[in-house]
Every structure is written in structure tokens, then in C-alpha cells.
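What follows is calculated from the coordinates using simple rules that are stated; it is not laboratory data. All of these numbers come straight from a predicted model, not from anything done at the bench. All Cβ positions, glycine included, derive from the backbone under ideal geometry; neighbour counts span all protein chains shown.
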Amino acid sequence: MKYNSENWLLKVEGLTKIYGNPTQTSIDKTGPLFDSNICPDSGSIVACAQIDFELYPGEVLGIVGESGSGKSTIVKMLYFDMEASGGKVLFNRDPYIGKNILNLSNQSKRAIRNHLMGMVYQNPRDGLNFRFTSGGNIAEKLIMAGNYNVGTIRDKSKQLLEKTEVPVPRLDDLPAHFSGGMQQRVQISKAIANHPPLLFLDEVTTGLDVSVQAKVLDLIRELQQELGVAMIVVSHDLSVIRMLTDRTLVMKNGRIVEKGLTDQILQDPQHPYTQLLVSSIL
Amino acid sequence: MQPILEIVNLNKSFTMHILQGKIIEALVDVNFSVAEGEIIGLTGKSGSGKSSLMKCIYRTYLSEGGKILFQSNEGTIDIAAAGDNEILHLRKTEINYCSQFLSVIPRVSALQVVAQPLLKKGVTADLANEKAMQTLKALGLQETLWSGFPVTFSGGEQQRINVARAIIDPPKLLLIDEPTASLDPKTKEVVIEMLLALKKLGSTIVCISHDEFTLDHLVNRRIHLDKGIIIN
């Protein structure tokens, strides 16, 4: 396999999210240099701006930064959970090649979500419907991706639960009756049900106890290897970033302050904020 | 013969923003080249810049000024200036780094850790496990430990896992940091033999070591560093 730098899966250019009524200079007057993302003139909040990066097929990209640095905002815009204020996102898959997917119709956005993307949220309540059984939740995703045969759906759901080590007999139980780690694993099953080439993971291990955390991390790593899916992993936990990702973006006040190979970011950080972050690891 | 690795005027310093921008010079004008199939020993006191040099070659450290020219299968690549994804591709296919300390995902068995590089390349699980078992056996790691988790292992056992992982899929260039530091004399000899076997398969090795026995029996040539400067 030859290396080709034009072979990216996702290309993000100038992605921006601003709340409120920004002025022409809102972006220039916020960011790490001002240590703030609130525009001093208009009071609008620049959640993130000037976000540029590429994601390659099968690659795991980390986004790290403190609370409020804009890392989840990026992922939510890419998954269409949140509308972007500006910027361009290119997705190198037919029939979307060359189009800014942010400007597509709602129908096309849904099609991308259902067929080409998966998302695992920090809070299982955001990713799972708690009125459905765990099997029902996985079925929901499978139906949206175009599977209508009940028998096949049940078989596939069982396989997915098996793969994520959720006891299969609990297929017809409500997620509310599951432990936090199990809920997270059902969420992962649901997210990968349609074999997406791109998976978003937003603080997936935050709030789990360490032994469950290790299990979820191992599961993610295994799935990544087995399915070759590209991932964007958002976390404020540098050990999660170290274990899962190849490359990392460091965010502060809504901007990317540093990007590089994960081991370089952790061992030879260049930006003052990254140095502070890395020296704070327990 | 054309060198496989050529380092030209390499400099590396660390700017510590937390300490009011204090600068630490790690490498000063480093020049040397390595021929294909050679085993180079990097020597010098602690803090002399051996690991920094190695990490610059693996691009864990960003060097400033200078070139790190590597003859890859796809032509000459300047590691100091290449893009991140190009480096990731090189790491996957041609360059391996084996650190002094083991760093793994918790709760992954020793066997799986060692089989990992092969699995990543798409080798079947059965074949990868088979090869991993052979390697661990050769390194004398007792079988009862294979399904154990490396975090709970002793220093010498961890080191052997680390070495096994680095050599299971022979790389074109292997960077290896203190491969024999916490091993008994017998295991030390086994590791040296395995590295020599790797050389026979065509690998080029850059090795950091303080151990005279290892240096005597393993390396073709030594490069001695003092305060970030090569002294020969």
C-alpha cells in the first residue's frame, strides 16, 4: 500500500460555531491569545472557529482540551446534531464527493448519519432511546440503514451484543435496567450496527469506573482494528487519547492550538497550553 | 553503499513555557549516517541526548533545522519535515520503535499485545497468535503468563514483551532503547541473538545501551554522545 496524502475521508475547513449576534471582528477578538471565547463587543460566544483538519480512512484522531474548549461542538456539528455557523466539510464518499455536506438537504444529512456515521455520546441517554429495549435500540439503527427483515434484525442485534460483550439474553431488557458500562456498550453496538466508515466517540469512558473503562477502551480498540473504521475520539482524559489515537488536536478557547502525532503531543508539546496540560497528568 | 538513514545538522531544544521560556539544548549539530543492515550503538551518559536523538528519528520529538533522510520503499523521505500521516504510514510499514518502558492498554493479554503488530497488518488471528507464542517462547517467558496482563508483570518480563512486540514483524529500521537493561545474563544473550537474527533478515538497528556486554556482542559501530554532541 502506497502512501497518498489526497486519500482523506473527511476534510474540515474553517468550521465555526458562534452563539449570539457576532460582529465582523468577533473571531479576531477571541481565542487563546485573549484567553476567552466571548466577544468583548457583542457578547456573542465563539464556541469554535477556524477549525481545519483532515481525517484519513481507518485513522483514529483525538481531540483534547478542557471543558468549554469546543471539542464536543466540533463533533456535534459533524454529526449534524448542531448547525454550523460557517465552514466547509467534505466527505470523500459517493455521492457526496466535492460537496459541502453542511449545506445538504436534511434528507441527505439523515442518509449520511444512517449509512456512513455512528456516534457514541458521553451520556447513554443521548444515544439510546430508554423506552426501547436494547435490541430495539439496535434495531432502530438497522431499520434506518435499510434493513426491514425482523429475523435478520434480531440476528444482527444478537451478534452485535455478543461482540460488545453484553449478555445476549438481555436483548429484550430496557437499558434503564443496565449498568453504566453496559449501557455504553449497547450504545457502541448501536453506533456500529450499520458498519459506518466514520465513528464519533464523545467522552465515552468519562464517569465509568476504571475496570469498566479499561473494558470499553479495549472494545473500542478491537472494533477499530476489526472493522477498520475511522474514529474521532473526544476526551479530556490524556490516557484515553494516548491509548486510542494516532493523531491529536489540542483545543483551547475554541481554537486548535496544536496538532500532531499523539506521542509527539504528549512527549514534545510545543504550545504553552499543551505543555501545561501534559504536565498535569496524574 | 547508500546509507539507509542519514542525519544532517540535526538540532533539538526544548522551550519550557512553564519555566518562563527556559531553553534546554538536547542535540547540537548532529551528523551521522547508517548503512543498510548495520547495527549502531548509541552510547553516552544519562541526559547526553541518546533518547532524544532516537525520538527525533521516530518523530516523537520535533527536531528543528537539519534533516533526517530515510530511504523508504517509496524513495527518500525527510522524517524531520514529512507530514504526520506520512510518518504514521512509515511507522506502520517500515520503522519500529521499542521504548525502555512498556506502555499498553490495560486488560489486554501479553499474547495479544505481542500479536498486535501482525494483526494491524491484516495477518489472520491464528497465524499472529502462533508467531507471538513462538517469540515469547524463544524469549523464555513462561507460558502461564501469556494470558496475563503485562501491567502486573515484573520489569524483566515487561521488557521481554516489549522486545517481542518490536521484532515480531521485522521492520526495515528498528529503534530500540535499552533492550537488555533489566534482564539476567542468559536472557540478555537470547535478546542479543534475536536482534542479530533480525539483522540477518535485513533489518537495520539503532540501539541505545549502557551495557558493555550488549554493545560488544551486538553492535557494529558506536556513536558516543556527550551533552548533545557526537564525540568519536
Restricting the stretch B:54-88 to residues that are β-branched (V, I, T) and either under 19 Å from the mean Cα position of the chain (by Cα) or buried (at least 18 other Cβ atoms within 10 Å of the Cβ) (or both), the residue that is nearest to the other protein chains (Cβ to nearest Cβ): B:T60
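Results for (1) without any contact (Cβ under 8 Å) to a residue 60 or more places away in the chain; (2) more than 14 Å from chain B (Cβ to nearest Cβ); (3) not aliphatic (A, V, I, L, M), shown as yes or no for each residue.
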| site | (1), (2), (3) |
| --- | --- |
| A:T25 | yes, yes, yes |
| A:I38 | yes, yes, no |
| A:S44 | yes, yes, yes |
| A:L55 | no, no, no |
| A:G62 | no, no, yes |
| A:S67 | no, yes, yes |
| A:G70 | no, yes, yes |
| A:F80 | yes, yes, yes |
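Among B:Q112, B:Q159, which is the only one that is within 12 Å of another protein chain (Cβ to nearest Cβ) and assigned to a helix (DSSP H, G or I)? Even if it seems obvious, please write down each step before you answer.
Working: B:Q159 fails: within 12 Å of another protein chain (Cβ to nearest Cβ).
Testing whether each residue is within 12 Å of another protein chain (Cβ to nearest Cβ) and assigned to a helix (DSSP H, G or I) leaves just B:Q112.
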Tally, over the stretch B:34-53, of residues that are under 17 Å from the mean Cα position of the chain (by Cα), surrounded by fewer than 19 Cβ atoms within 10 Å (Cβ to Cβ) and among the small types (G, A, S): 2
Qualifying residue in the stretch A:199-212 (condition: among the hydroxyl-bearing types (S, T, Y) and touching a residue at least 40 places away in the same chain (Cβ under 8 Å)): yes
The one condition in (1) away from chain B (no Cβ under 14 Å); (2) surrounded by fewer than 19 Cβ atoms within 10 Å (Cβ to Cβ); (3) under 19 Å from the mean Cα position of the chain (by Cα) that A:S189 fails to fulfil: (2)
Those residues of the stretch B:115-129 which are within 12 Å of chain A (Cβ to nearest Cβ) and either of a type in the set (A, V, I, L, M) or touching a Phe, Trp or Tyr at 6+ places or on another chain (Cβ under 8 Å) (or both), in sequence order: B:A115, B:L118, B:L119, B:V123, B:A125, B:A128
Cβ pairs under 6 Å, 6+ apart, first in the stretch A:106-132 and of a type in the set (A, V, I, L, M, F, W, C), second in a helix (DSSP H, G or I) and surrounded by fewer than 17 Cβ atoms within 10 Å (Cβ to Cβ): A:F130/A:A176
Filtered residues of the stretch A:93-117 (kept if in contact with a helix residue (DSSP H, G or I) (Cβ under 9 Å, 6 or more places away or on another chain), closer than 15 Å to A:M82 by Cα and not hydrophobic (A, V, I, L, M, F, W, C)): A:K109, A:R110, A:R113
Cross-chain or 6+ apart pairs with Cβ under 8 Å, the stretch B:83-102 first and within 14 Å of A:T262 (Cβ to Cβ), then aromatic (F, W, Y) and assigned to a strand (DSSP E or B): B:R91/B:Y97
Test: A:Q184 is of a type in the set (S, T, N, Q), in contact with a helix residue (DSSP H, G or I) (Cβ under 8 Å, 6 or more places away or on another chain), more than 30 Å from B:A26 (Cβ to Cβ) and within 13 Å of chain B (Cβ to nearest Cβ): no
Qualifying residue in the stretch B:136-157 (condition: within 30 Å of B:S46 (Cβ to Cβ), in contact (Cβ under 8 Å) with a residue 40 or more places away in the chain and either exposed (fewer than 14 other Cβ atoms within 10 Å of the Cβ) or under 17 Å from the mean Cα position of the chain (by Cα) (or both)): no
Residue count for the stretch A:6-26, restricted to those that are assigned to a loop (DSSP other than H, G, I, E, B) and touching a Ser or Thr at 6+ places or on another chain (Cβ under 7 Å): 5
Residue ID - surrounded by the fewest Cβ atoms within 10 Å (Cβ to Cβ), chosen from residues in the stretch B:89-109 that are at the interface with another protein chain (Cβ under 8 Å from one of its Cβ atoms) and over 27 Å from B:L62 (Cα atoms): B:R107
Qualifying residue in the stretch B:29-42 (condition: in contact with a strand residue (DSSP E or B) (Cβ under 9 Å, 6 or more places away or on another chain) and closer than 24 Å to A:P272 by Cβ): no
Selection within the stretch B:1-52 - within 14 Å of another protein chain (Cβ to nearest Cβ), assigned to a loop (DSSP other than H, G, I, E, B) and touching a residue at least 40 places away in the same chain (Cβ under 8 Å): B:G49
